[in-house]
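Asks: Below is one structure. I have some questions about it.
The values are calculated or read from the model by the stated rules, or taken from the named source; none is laboratory data. Here the structure is a predicted model, which means the values were calculated and not measured. Ideal geometry is used to build each Cβ from the backbone, glycine not excepted, and the neighbour counts take in all protein chains shown.
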Amino acid sequence: MKSGKYRFMAILIILVIAVHGLTRLTGTQYYLTQLTMSAYYAMVVIGLAVLMGYAGQISIGHAGFFAIGGYLSGALTTHNLLPFRETPVLVLLERLHILQTGQDLYGEQLLTVAPWAACLCGVLTAALIALVLGVPVLKLKGHYLAMATLGFGIIIFQIVMATEYFGEADGISEVPGFVVFPGIAGMGRLVVSGDFSLRVQNYYIAWGMLIIGMYLLLNLIDSRVGRALRAIHGSEEAAAAIGVDTARFKLQVFVLSAVYASLAGVFLTHYNGSIGPSEASIIKSVRYVALVAVGGMANLWGVLIMGFSLTFLSLRGIFGTYDDAVFGTILILVMLFAPDGILSIRARGWLKSGTGGPVDHA
Amino acid sequence: MDLFIQYLVAGVTYGIMYAIVAIGFNIIYNTTGIINFAQGEFVMLGGMTAISLLEYLPLPLAIAAAVLITMLIGALIEMVFIRWLDSPSVLRMIIITIGLSILIREVALHIWGENIRSLPYFYGDEVTTVSFGPVRLSPQVLWVIGICTVMVACLSLFFKVTPLGREMRACSANRTAAILCGINTRNMVTFSFMLSAGIGALAGCVMSPITYTQYDSGTSLAIKGFTVAILGGLGNSVGAVAAGILLGIIEAFSVSVLPLAYQDVISITILLLILFWRPYGLFGSSAAARLKEF
C-alpha cells in the first residue's frame, strides 16, 4: 500500500513534467491554460471524494464553498478602500501590511486587501461556514442531507447573484495576481495570474498544489482517521458502537473538503482574473458529484484521473453546447452500470471471468 | 388591509402550486422510498409542451395532451432508469434522479431555448380582474386555486376508492405484503411516476400564465416542493397542502420586508431549519419518523 502510493506519486510528477515538455516540443503550449484550470477543479473533486467516497456523506453544494473562496478573495482584492484610508481600522490593517496599493486599468490609485490576506479570509470563512453548517447538516442522512446541501448551494448562488458587492450577474473581474512566493534568496517570484509570460510557472503551481493536496489526502485515508471514515461509511451505528466519534470525524472531513474547494476557488479566481456566478451554480456542484462518481467515489486516484481529464475535455470545449448534458448522462450511466466508477469495470470483468454482465455495455 | 388580502391570495396561489409539487414527491416516495429530484422538471415539461402544442390545438386540448405526454415521459423514465435496478442504495438513487433532472433540463434547453415562455391566460388577459369588494384578483388565480383543489380532491378519492389507488397504497404500506397479495409492485412504481408526472404537468400548465416557464424553472420549484413535503411530513399529502399554503404566504409577505432576489433564500432557510429541528414535519411525530427510511 505504502510503496504503491509513492510509486503513483512519482508517476504523476513525471507525467506533469512530461506533459509540459510535450507541449513545448509540439508548440502547443496553449494547452497549459486548461491544464492549469483542470488541476484546480480536480482539487475540489478530490476533496469531495474523501467526503463522499470515504465518509459516505453526499454534498450537492460544493460549488458554494468554491464560490465563497473565489468570491471573497476576488472582491477583497478588487474593491477600492482608498476613500476609507483614514479610518482607524484601515490604518491598523495597512500597518500590518494586510493592505496593498496598486493601479487599475485607467491608472487610478487603488487601495485593496493584499491577496494573501484575502486568500486566508476566503478559506477561513469557507471553513467556518462548513463548521457551523456541518454540525446540524451532517446529522441528516440520505435524501435530507442531499437536499440540505443543495439548499446551501442555492443560497450561496442567490447571494452572489443579488449582492452588489459581488458584482451580481456580472461577477468580479480584474482580480490582481497573487504573489505566493515573493522571490527571496535568488529564487524567482511565484505569481498566480493569467499573465501570458507566467503560464509555465502557473502550470507548476497548480499541479504542485494538487499533488501536495493529493499526498495529504492519501496519508489521511491511510491513517486512523481514514479507517474511522470507512467504518462510518459501512455503518454509522456500528462505527459509533466501537467507539468512533462519528459526528466529529464527519465534521472534520466536511470542513476539510470545504477548505480544498475554497482554496481551489481562490487560486482559480486569481489565475483567471475573474469569477462569475456560474461558478456557484447547482450545475457546477452536480458536476463535481458526477466527477467523484465516475472516478469511483472511494478511489482517490480514479477520482483524480477522471476529475482532471473530463474537466480538461470540457474546458477545451469538445462537448460543445452539450456540456452539462454530457455530465448528466455520465452521472446516470455510471450510477446505473458501474456504481464503483468506470475504472472498476475491467477489474470486475476479470473477477467474474465471464461476460461481465451489464457492465460491458457501459 | 386590502394589500394584506392581496398578499394573502398571492401566497395561497403559489402555496397550492408548491403543495402539488410536494404531493408529486410524496406519491413516488410512498411507493418507492425515493425522492425524485427531477420532480420540478415534470412541471416545466408540462408547461413547455402545452405551450408548443398550442400552435396546433385549442388550449384545453393542448393542456390535456401535454399532461398525457408528460405522464408517458414519466413512465418511460421509470422503465428505462429505475425499474430494473435491484434494491439500489439511497445515494445511488439520489444521484440518478439528479442526473435525470439535469438531462431533462438540457434537452428542454435544446428544444425550447433559453426564452421565457408562457401560456395565455385561460380567461381574459393580464389586466382582466375580478373584484371581490375592495380586493381585485386576476381570474387566473381563481383557475389555479380551483383546478388544484379539484386535483387534490380527485387524488384523495383515487387513493381511497379505486382499486388501483388501493393497490398503490398497499404497496406503500408494506411492499412485501403487497407482493404476497398478488399486486405487481413494479407496475405500481411505474404508475406512481406517471401520476406524479401528470399532476406536476397539470400544475405547470395552470401556473404558466402567472409564473412563466423556462427550461431551468424546475430546480427552484423542486426545492420548494421538497420544503413543503418535509414541512407537511414526508408522505402526508394533507399536510403538504397546509404546509404549501403556509410557505406560500410566508414567501408572499417576505417580499414586503426583503428584496425580491432573496425570496428563494427564505424558503431554503425554512427548509434547513425544519430539517434541523423537526425532520418529521410540523404535523408528524418523531416516533413514527424513526420507522421510515430516508
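Asks: Which of the residues spanning region A:149-165 are more than 27 Å from A:Thr246 (Cβ to Cβ) and crowded, with 24+ Cβ neighbours inside 10 Å?
Replies: Selection gives A:Ile154, A:Phe157, A:Val160.
Asks: Moving on. Could you grab me the full set of residues in region B:67-95 that are of a type in the set (Phe, Trp, Tyr) and not in a loop (DSSP other than H, G, I, E, B)?
Replies: The one that is of a type in the set (Phe, Trp, Tyr) and not in a loop (DSSP other than H, G, I, E, B): B:Phe81.
Asks: If you don't mind, there's one more thing I want to ask. Name the residue that is surrounded by the fewest Cβ atoms within 10 Å (Cβ to Cβ), counting only residues in region A:314-329 that are at the interface with chain B (Cβ under 8 Å from one of its Cβ atoms) and touching a residue at least 24 places away in the same chain (Cβ under 8 Å).
Replies: Once the filter is applied, the top-ranked residue is A:Asp324.
Asks: Here's a follow-up. Quick one: count up the residues across region A:114-135 that are free of Cβ contacts under 8 Å to residues at least 12 places away in the same chain and closer than 16 Å to A:Phe254 by Cα.
Replies: Qualifying residue count, region A:114-135: 3.
Asks: Shifting gears a bit: Counting only residues that are more than 9 Å from chain B (Cβ to nearest Cβ) and part of a helix (DSSP H, G or I), how many does region A:105-134 have?
Replies: Going through region A:105-134 one residue at a time, the tally reaches 19.
Asks: Looking at region B:30-53, which of its residues are polar (S, T, N, Q), surrounded by 24 or more Cβ atoms within 10 Å (Cβ to Cβ) and away from chain A (no Cβ under 14 Å)?
Replies: Answer for region B:30-53, where residues must be polar (S, T, N, Q), surrounded by 24 or more Cβ atoms within 10 Å (Cβ to Cβ) and away from chain A (no Cβ under 14 Å): B:Thr31, B:Thr49.
Asks: Take region B:96-145 and flag every residue that is part of a loop (DSSP other than H, G, I, E, B) and either within 14 Å of chain A (Cβ to nearest Cβ) or within 24 Å of B:Ile82 (Cα to Cα) (or both).
Replies: If the condition is that a residue be part of a loop (DSSP other than H, G, I, E, B) and either within 14 Å of chain A (Cβ to nearest Cβ) or within 24 Å of B:Ile82 (Cα to Cα) (or both), then B:Gly113, B:Glu114 are the ones that fit.
Asks: Out of curiosity, is A:Ala261 closer than 19 Å to A:Ala39 by Cβ, within 14 Å of chain B (Cβ to nearest Cβ), small (Gly, Ala, Ser) and assigned to a helix (DSSP H, G or I)?
Replies: It is false that A:Ala261 is closer than 19 Å to A:Ala39 by Cβ, within 14 Å of chain B (Cβ to nearest Cβ), small (Gly, Ala, Ser) and assigned to a helix (DSSP H, G or I).
Asks: To continue, here is another question. Taking the condition of being within 11 Å of B:Ala252 (Cα to Cα) and either in contact with a His (Cβ under 9 Å, 6 or more places away or on another chain) or surrounded by fewer than 21 Cβ atoms within 10 Å (Cβ to Cβ) (or both), how many residues in region B:13-29 meet it?
Replies: The qualifying residues number 0.
Asks: Do we find that B:Cys171 is buried (at least 20 other Cβ atoms within 10 Å of the Cβ), farther than 17 Å from B:Leu68 by Cα, over 19 Å from the mean Cα position of the chain (by Cα) and hydrophobic (A, V, I, L, M, F, W, C) in this structure?
Replies: When the stated conditions are applied, B:Cys171 passes them.
Asks: Within region A:124-148, take every residue that is closer than 20 Å to B:Thr97 by Cβ and surrounded by fewer than 24 Cβ atoms within 10 Å (Cβ to Cβ) and give me the one that is nearest to the chain's Cα centre (by Cα).
Replies: Looking at the filtered set, the residue picked out is A:Leu145.
Quick grid of which residues meet (1) among the small types (Gly, Ala, Ser); (2) under 26 Å from A:Gln100 (Cα atoms):
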{"site": "A:Phe152", "(1), (2)": "no, no"}
{"site": "A:Ile155", "(1), (2)": "no, no"}
{"site": "A:Gly171", "(1), (2)": "yes, yes"}
{"site": "A:Leu190", "(1), (2)": "no, yes"}
{"site": "A:Gly194", "(1), (2)": "yes, yes"}
{"site": "A:Arg199", "(1), (2)": "no, yes"}
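Asks: Tell me, yes or no, whether region B:75-90 has at least one residue that is in contact with a helix residue (DSSP H, G or I) (Cβ under 7 Å, 6 or more places away or on another chain), free of Cβ contacts under 8 Å to residues at least 60 places away in the same chain, of a type in the set (Val, Ile, Thr) and within 8 Å of another protein chain (Cβ to nearest Cβ).
Replies: No, the conditions are met nowhere in region B:75-90.
Asks: Within region A:286-313, how many residues turn out to be surrounded by 17 or more Cβ atoms within 10 Å (Cβ to Cβ) and either outside any helix (DSSP H, G or I) or more than 14 Å from chain B (Cβ to nearest Cβ) (or both)?
Replies: Matching residues across region A:286-313 total 16.
Asks: Let me ask another. Going through region A:1-58 one residue at a time, which ones are farther than 18 Å from A:Asn299 by Cβ, touching a Lys or Arg at 6+ places or on another chain (Cβ under 7 Å) and assigned to a loop (DSSP other than H, G, I, E, B)?
Replies: A:Gln29
Asks: Shifting gears a bit: For region B:176-294, list the helices (runs of 4 or more DSSP H) that sit wholly inside it and hold at least 2 residues that are within 13 Å of chain A (Cβ to nearest Cβ); which are they?
Replies: Ranges flagged: B:218-231, B:263-277.
Asks: Another question, if that's okay. Conditions first: (1) at pLDDT 90 or above; (2) touching a strand residue (DSSP E or B) at 6+ places or on another chain (Cβ under 6 Å). A:Met37 passes all but one, so which condition is the exception?
Replies: (2) is the only condition that A:Met37 fails.
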